[in-house]
1. Can you pull out every residue in region 412-430 that is under 28 Å from residue 516 (Cα atoms) and surrounded by fewer than 16 Cβ atoms within 10 Å (Cβ to Cβ)?
2. Condition check: closer than 25 Å to residue 95 by Cβ, in contact with a strand residue (DSSP E or B) (Cβ under 6 Å, 6 or more places away or on another chain) and within 16 Å of the ligand (Cβ to nearest atom). Does residue 205 satisfy that?
3. Suppose we filter 30, 65 for residues that are more than 18 Å from residue 438 (Cβ to Cβ), crowded, with 24+ Cβ neighbours inside 10 Å and over 19 Å from the mean Cα position of the chain (by Cα); which single one remains?
4. Could you check, for region 40-53, whether at least one of its residues is more than 16 Å from the ligand (Cβ to nearest atom), under 19 Å from residue 241 (Cβ atoms) and in a helix (DSSP H, G or I)?
5. Which of the residues spanning region 106-126 are within 16 Å of the ligand (Cβ to nearest atom), touching a strand residue (DSSP E or B) at 6+ places or on another chain (Cβ under 8 Å) and part of a loop (DSSP other than H, G, I, E, B)?
6. Given the criteria closer than 29 Å to residue 303 by Cα, buried (at least 24 other Cβ atoms within 10 Å of the Cβ) and touching a strand residue (DSSP E or B) at 6+ places or on another chain (Cβ under 8 Å), does residue 350 qualify?
7. Scan region 87-97 and tell me whether some residue there is within 14 Å of the ligand (Cβ to nearest atom) and within 22 Å of residue 150 (Cβ to Cβ).
Ligand code: NOJ
């Protein structure tokens with residue numbers, strides 16, 4: 001397959017509000033990010049995925065954009081953004097921005113125009129439908145991702161507009177050529193500012209056909225992506241990563257095989273969806289099932305062909321990786337390293353979510369008022385009004401609420417974890433005195449240095465990047481074991497993903513390349529709880 005530099009590179013995701021505050025207002029900002037670039041450089045990452053910093057009323061922390069070509073004042077100015085691009089470039093780090101294509105803020109000029117009258121030239125930038133005879137919204141009326149209907153009546157013109165997320169996030173009408181052109185212009189403008197590409201928010205939703213009741217992976221998706229690629233991405237060699245909750249290996253190949261000219265890679269969510277309850281989704285989560293995980297992992301690794309995916313455990317919408325897939329108690333350190341070793345030994349570009357590299361954990365705030373996330377708050381109030389017990393709701397929020405990932409980055413054991421001089425916009429996780437970057441930097445075998453080692457290893461050992469994948473022991477309930485083969489070379493990854501010791505026997509020799517329990521001489525033998533080793537099987 002044709003090789004790209006970003007196949008062996010590592011991406012680091014920054015959630016700007018919670019990364020580093022520079023001006024003492026309790027909220028992270030762009031100058032704060034600049035001040036931490038040397039840290040990221042030391043870690044060895046090549047790309048930053050920057051969550052939205054555009055002008056926004058912040059109903060959904062920036063995923064509701066009111067001006068795509070302006071920076072939200074709480075994050076800084078356009079000059080700050082330019083300085084960030086430049087300072088990152090000077091350290092060999094590329095920036096990909098988060099591009100929200102499916103919807104805008106209801107405060108965006110386009111929507112303001114659109115809602116003002118049925119004759120306005122921007123009317124069809126959004127999706128409007130007349131009420132039925134009883135004044136009700138159209139029959140196709142699923143529940144929005146943040147609760148309530150996907151239709152909101154706008155008094156001014158007496159019609160309903162469509163929104164898959166909050167009512168403050170109206171969906172754009174991608175069937176309108178002017179919407180496509182306007183977005184292409186914005187994309188090209190940003191690429192000219194020197195960024196390397198985009199993470200495309202819920203991109204599988206833009207090809208929808210509402211009247212046919214199709215939202216995800218709709219009939220217009222591929223054509224729209226191909227046009228965008230021709231008009232914007234290809235000419236400027238942009239890197240793109242789509243957020244695609246509906247992805248299967250088949251649809252992922254359609255979106256990422258290079259000859260189709262759509263996206264560079266995508267995030268697929270099967271390992272996350274596997275944790276969700278069939279009816280209540282993430283709010284009544286199911287425990288991690290290793291055997292089911294292995295089945296889907298094998299399928300993706302073997303079937304992706306010359307398409308490409310992102311490898312990740314967490315992001316700003318998901319609970320903390322170590323709390324979900326590892327062990328946040330006694331085995332926090334080995335399990336966080338084990339997760340990293342799995343991630344870095346798979347086909348697909350690894351993405352680290354801020355704080356993952358020090359093993360940050362989920363948080364449990366005492367009171368619902370301590371939470372900030374629109375999805376969490378809407379869910380809480382909706383379920384309370386439906387009679388769910390407080391405790392049940394909070395259990396779901398503790399395990400899967402998005403604020404788990406949004407507590408401030410834990411830089412040090414000093415006041416506000418070194419994140420800010422002021423009270424942060426959201427509470428800290430109170431374990432910051434034990435878990436922080438300062439501490440990780442002085443411990444030679446910290447989780448942080450394990451990531452550093454893996455980031456470097458992937459750049460120099462192509463078997464981890466391109467090797468063929470073979471799953472061993474698919475039915476073992478504790479061990480995750482797989483091999484990668486490339487030409488004459490082979491790597492073997494053995495991970496005990498449980499809190500009990502496990503026995504493994506293997507007929508052959510290998511040399512340990514990375515491990516989380518000291519140096520292992522033999523492949524066969526007992527593996528400690530969450531012990532993980534990457535072996536070089538030689539040629
Ligand atoms: C996915 C983003 O990651 C999430 O944070 C956001 O709320 C929705 N898309 C809507 O833009």
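The values are calculated or read from the model by the stated rules, or taken from the named source; none is laboratory data. In this text the structure is predicted, and so the values were computed from the model without any measurement. Here the Cβ is made from the backbone with ideal geometry for all residues, glycine too, and neighbour counts use every protein chain on show.
1. 413, 430 - these are the residues of region 412-430 that are under 28 Å from residue 516 (Cα atoms) and surrounded by fewer than 16 Cβ atoms within 10 Å (Cβ to Cβ).
2. It is false that residue 205 is closer than 25 Å to residue 95 by Cβ, in contact with a strand residue (DSSP E or B) (Cβ under 6 Å, 6 or more places away or on another chain) and within 16 Å of the ligand (Cβ to nearest atom).
3. Residue meeting the stated conditions: 30.
4. Scanning region 40-53, I find at least one residue that is more than 16 Å from the ligand (Cβ to nearest atom), under 19 Å from residue 241 (Cβ atoms) and in a helix (DSSP H, G or I), so the answer is yes.
5. 108
6. yes
7. So far as region 87-97 goes, no, none of its residues is within 14 Å of the ligand (Cβ to nearest atom) and within 22 Å of residue 150 (Cβ to Cβ).
Let's see how each residue does on (1) in a strand (DSSP E or B); (2) modelled with pLDDT under 95; (3) over 19 Å from residue 358 (Cα atoms):
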residue	(1), (2), (3)
439	no, no, no
448	no, no, no
457	no, no, no
477	no, no, yes
483	yes, no, yes
490	yes, no, yes
535	yes, no, yes
